[in-house]
Amino acid sequence: MSPTAAVSPARSHESCTIPVSGMTCAACSARVQRALERTAGVSTAAVNLMTERATIDFDPAVTSARGLAEVIRATGYGAEVPAEEPSPETLIQAQDAERAREIAELKAKLWVSLAAGALVMLFGIPLGELEGHHGAVDPLMALLAPVGRLLRRAAPWMYSVPAGGWRWILLGISAPVVLWAGRHFYTRAWAAFRHRSADMNTLIAVGTGAAFVFSVAMTVAGGWFRAQGVEPHVYYEAVVWIIALVLLGNLLEARAKSRTTDAIRRLLGLRPDTARVLRDGGEVEIPLSEVQVGDELRVRPGERVPVDGLVLEGTSAVDESMLTGEPLPVAKNPGDEVVGATLNRLGSFRFRATRVGRDTVLSQIIRLVQQAQGTRAPIQHLADRISAVFVPVVISIAIATFVLWFVLAGEPAGLRALAAAVTVLIIACPCAMGLAVPTAVMVSTGRGAEEGILIKGGEALQRVRDVDVVVLDKTGTITEGRPAVTEIVPAAEVTEPDLLALAASLERHSEHPLAEAIVAAATDRGVATVEPVGFTAVPGKGVRGEVGGRTVAVGTRAFLAEGGVDVGALVETADRLAGGGRTPVYVAADGRAAGLLAIADPIKPTSAEAVRSLRALGLEVVMLTGDGRRTAESVAQAVGIDRVVAEVLPDRKLDEVRRLQGQGRVVAMVGDGLNDAPALAQADVGIAIGTGTDVAVETAGVTLMRGDLRGVARAFGLSRSTMRVIKQNLFWAFAYNVVGIPVAAGALYPPLGILLTPMMAAAAMAVSSVTVVGNSLRLRRA
């Protein structure tokens, strides 16, 4: 991943994302993050273990992306800054290739380790019997006593080999596992040690390394140790099996982690590989990457639209459900926009490419998801603080365990003490802690993207859970945001078409949203309009002019009264319509009332259900609008909102959000992302709804691709599910260590005779990591 410069003149800072290799646990990511945060010029840094990326905000006058990469390398991990930012496809392909290489390598090492482990365990049976300590230290070996009796009958030659010979054979089998299959544990542990730190690899390396060195010493100088009164027992089977089981855990973990990016892969899978471009009077099929802005393309029925563009010729119906969630295809005519990766259902059409590559809507969505997956939730700091001191504490516990067992245990005291200390080191690996938060964030943000919910990161995801009041903008959020004529009420001796023709002809020159609704109503009904003469607009009141030789005025009751027009006969009807949430517009012709038009912004069919869902989640819902109180209360009553703040100008919405926050409330502001931007930015959580193709709403923490208010409730549900899973992950990760470390140290041995072996500890450690990742994957069905 390369740096993504986002320079802002206001703060002269840049952001960059740098890939980090070699991290294996929470202690690793925490160490890199601490190093970056301490670097001069860095304002914020977030290091994600799952995505293996560091996202840094820094002052370019003080440091640079390359300098930050050098800081990361100085902590013992790999970091390179590519020359240019890769596309989402390139990034995913690179991640998939790296993951496939990692899985293949782990598989090879695992199979070699398992085969060596089986041989070491098999050959360890006659060695243990010859040395007379079979099962004295390792209860697991004691279970193999029946196998020993079978070997004595089937292969008596095995018991003719001296114990010293078996030790050399076991060393020959174990050495390749330690030096090749487990080599990365030791090299990474050494790198951490050189930088005065410790991590998961330290625990594995110290545990298996101590057992292996002890065993080698007993093999090479067994006679000398025996002369000193120490029986030369070896522990090769534990070393090999620990490495094998840790590798098994790493393999299962790698496979599970690869599934956390399935959502992005599915999004990328929507994009066709090729496009049909019109060139030299014919159609040429070219790779999608070669399409350029301005190219004209042809899309046939059943094909996906390759890039974003503008329809030039032809009509069709396009399935945009991947973008809007609407199940019904949308009619497309010349002049309409089409979005890449949507599915063309019916006709064939020609269109001009307007956005390609990284600029398409789909690429923006994928980029937002990738950025979100690279961020950290605030709750991650808890795991980081524990990880910072965890490994040194565990090593201290292991040393204390060794001393206690050596002093208090019966023969062979040294071997028992070593086994207990190694078991403590192995079982305490903090893999699960490091995976608890980022796996859940990755899966949930991917799942949200599939549902049209773009969550900008772990912080927004966690903050949504804490919200207790939701502020809804009315226009474009609860309502359609497109005013429409709902009733036509002509006066005596005036027909509906005549009334609409007079009003629409005059309003053709007005830019007011209500004027657009009147002109659209005439067009939809096939009513002809004429060019007005002497058009005059009075802001906030209405318009006047001549239409077909008649003097016409359209506007408010007061506006017509100023012109001497008596509209008394229409007042009762107008009041009734206003009480129903409609805006009455009066029309006069030649000084007499001609009728009135009722205009309303229709309420979205799903708004009432969405409000019920939010209230069912225990959230207070407030409607904020610049409309008059009567209209606002009518809409609020229709959708089930009790608290209404009406007649609020756009620049005062920010003050309303601040007022709620001043009362100690955690506020989510839901708006259309246009004139609501200041309030969206001020709110604890900004949610931009129904933004269509404008997916990069910088002020919102959550962007809903679909103009459906129910998505807000889904976002809250997803956040709560994610935080519940994160807490479960952290609980089990911490509980595993709280319970596992004392048991590994032998706390249950005196009262119950229960003693874990290093192999059992390795298996338990692998299970804990896979359990955390598996629990996070449940969010794919959230």
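The values are calculated or read from the model by the stated rules, or taken from the named source; none is laboratory data. No experiment lies behind these values; they were computed from the predicted model shown. Glycine gets a Cβ as well: all are built from the backbone with ideal geometry, and neighbour counts include every protein chain shown. Ligands, DNA and RNA are excluded from the accessible area calculation, which covers all protein heavy atoms including side chains. Shrake-Rupley method; radii C 1.70, N 1.55, O 1.52, S 1.80 Å.
Among the residues of region 430-441, are any of a type outside the set (S, T, N, Q), at pLDDT 75 or above, more than 21 Å from the chain's Cα centre (by Cα) and in a helix (DSSP H, G or I)?
no
Filter region 187-198 for residues that are under 22 Å from Leu110 (Cα atoms) and surrounded by 19 or more Cβ atoms within 10 Å (Cβ to Cβ); which is farthest from the chain's Cα centre (by Cα)?
Result: Ala189.
With Ala521, Ala484, Ala517, Ala504 as the choices, which residue is among the aliphatic types (A, V, I, L, M), modelled with pLDDT of 85 or more and open to solvent by 10 Å² or more (accessible area, probe 1.4 Å)?
Unique residue meeting the criteria: Ala484.
Identify, from the list Val81, Val112, the residue that is touching a Lys or Arg at 6+ places or on another chain (Cβ under 6 Å) and either touching a residue at least 40 places away in the same chain (Cβ under 8 Å) or not in a helix (DSSP H, G or I) (or both).
Result: Val81 is the single residue among Val81, Val112 that is touching a Lys or Arg at 6+ places or on another chain (Cβ under 6 Å) and either touching a residue at least 40 places away in the same chain (Cβ under 8 Å) or not in a helix (DSSP H, G or I) (or both).
Condition first: out of contact with any strand residue (DSSP E or B) (no Cβ under 8 Å at 6 or more places or on another chain) and either polar (S, T, N, Q) or touching a residue at least 12 places away in the same chain (Cβ under 8 Å) (or both). Now tell me which residues in region 514-537 satisfy that.
Within region 514-537, Glu516, Val519, Ala522, Thr523, Arg525, Val527, Ala528, Thr529, Glu531 meet the criteria.
Which one is modelled with the lowest pLDDT among residues in region 26-47 that are of a type in the set (A, V, I, L, M, F, W, C) and either closer than 13 Å to Arg196 by Cα or assigned to a helix (DSSP H, G or I) (or both)?
The selected residue is Ala26.
Look through Val519, Val527, Val552 and report the one residue that is assigned to a strand (DSSP E or B) and closer than 20 Å to Ala598 by Cβ.
Of Val519, Val527, Val552, the one residue that is assigned to a strand (DSSP E or B) and closer than 20 Å to Ala598 by Cβ is Val552.
In the list Gly294, Gly281, which residue meets the criterion of being farther than 27 Å from Gly711 by Cβ, free of Cβ contacts under 8 Å to residues at least 40 places away in the same chain and not aromatic (Phe, Trp, Tyr)?
Step by step, each of Gly294, Gly281 is checked, and only Gly281 is farther than 27 Å from Gly711 by Cβ, free of Cβ contacts under 8 Å to residues at least 40 places away in the same chain and not aromatic (Phe, Trp, Tyr).
Which residue is nearest to Ser607 (Cα to Cα), if the candidates are limited to region 703-735 and must be at pLDDT below 85 and either in contact with a Gly (Cβ under 7 Å, 6 or more places away or on another chain) or of a type in the set (Phe, Trp, Tyr) (or both)?
Checked region 703-735; the qualifying residue nearest to Ser607 (Cα to Cα) is Asp708.
For Pro497, state whether it is under 27 Å from Asp627 (Cβ atoms) and open to solvent by 30 Å² or more (accessible area, probe 1.4 Å).
no
Say whether the condition of being closer than 21 Å to Asp601 by Cα, over 51 Å from the mean Cα position of the chain (by Cα) and either at pLDDT 85 or above or among the hydrophobic types (A, V, I, L, M, F, W, C) (or both) is met by at least one residue in region 546-554.
yes
Mind listing just one residue for me: the one in region 767-782 that is open to solvent by 10 Å² or more (accessible area, probe 1.4 Å) and in contact with a Gly (Cβ under 9 Å, 6 or more places away or on another chain) and, of those, nearest to Gly446 (Cα to Cα)?
Arg780
State whether one or more residues within region 162-172 are open to solvent by less than 30 Å² (accessible area, probe 1.4 Å), among the aliphatic types (A, V, I, L, M) and either at pLDDT 85 or above or not in a helix (DSSP H, G or I) (or both).
Yes, there is a match, as at least one residue in region 162-172 is open to solvent by less than 30 Å² (accessible area, probe 1.4 Å), among the aliphatic types (A, V, I, L, M) and either at pLDDT 85 or above or not in a helix (DSSP H, G or I) (or both).
Ile426 - would you say it is surrounded by fewer than 20 Cβ atoms within 10 Å (Cβ to Cβ) and part of a helix (DSSP H, G or I)?
Spelling it out, it is not the case that Ile426 is surrounded by fewer than 20 Cβ atoms within 10 Å (Cβ to Cβ) and part of a helix (DSSP H, G or I).
Answer yes or no: is there a residue in region 447-465 that is under 30 Å from Ser289 (Cβ atoms), open to solvent by 30 Å² or more (accessible area, probe 1.4 Å), modelled with pLDDT under 75 and not in a loop (DSSP other than H, G, I, E, B).
Within region 447-465 (the criterion being under 30 Å from Ser289 (Cβ atoms), open to solvent by 30 Å² or more (accessible area, probe 1.4 Å), modelled with pLDDT under 75 and not in a loop (DSSP other than H, G, I, E, B)), the answer is no, since none of the residues qualifies.
This table checks each residue for (1) within 28 Å of Thr757 (Cβ to Cβ); (2) at pLDDT 75 or above.
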position	(1), (2)
Ile72	no, yes
Glu85	no, no
Met121	yes, yes
Glu131	yes, no
Ala154	yes, yes
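I'd like to verify a number: residues in region 251-279 that are modelled with pLDDT of 75 or more and surrounded by 21 or more Cβ atoms within 10 Å (Cβ to Cβ), how many?
The number of residues fulfilling the criteria is 1.
If I filter region 733-755 down to residues being assigned to a helix (DSSP H, G or I) and more than 23 Å from Ser396 (Cα to Cα), which single residue comes out as least open to solvent (accessible area, probe 1.4 Å)? Even if it seems obvious, please write down each step before you answer.
Keep residues of region 733-755 that are assigned to a helix (DSSP H, G or I), which gives 733-745, 749-752.
After this cut, where a residue has to be more than 23 Å from Ser396 (Cα to Cα) as well, the list is 751-752.
Numbers: Pro751: 92, Leu752: 115 Å².
Only one residue tops the list, namely Pro751.
Just the residues that are surrounded by 20 or more Cβ atoms within 10 Å (Cβ to Cβ), in a helix (DSSP H, G or I) and among the β-branched types (Val, Ile, Thr), please, taken from region 220-244.
Val239, Val240, Ile242, Ile243, listed by residue number.
When region 280-300 is examined, which residues are found to be open to solvent by 60 Å² or more (accessible area, probe 1.4 Å), in a loop (DSSP other than H, G, I, E, B) and at pLDDT 90 or above?
Result: Gln292, Val293, Arg300.
Closer than 30 Å to Pro605 by Cβ, open to solvent by less than 20 Å² (accessible area, probe 1.4 Å) and at pLDDT below 80: which single residue out of Leu362, Leu328, Leu323, Leu368 fits that description?
After applying the criteria, what remains is Leu323.
If we keep just the residues of region 133-143 that are touching a helix residue (DSSP H, G or I) at 6+ places or on another chain (Cβ under 7 Å) and surrounded by fewer than 19 Cβ atoms within 10 Å (Cβ to Cβ), which is modelled with the lowest pLDDT?
Gly135
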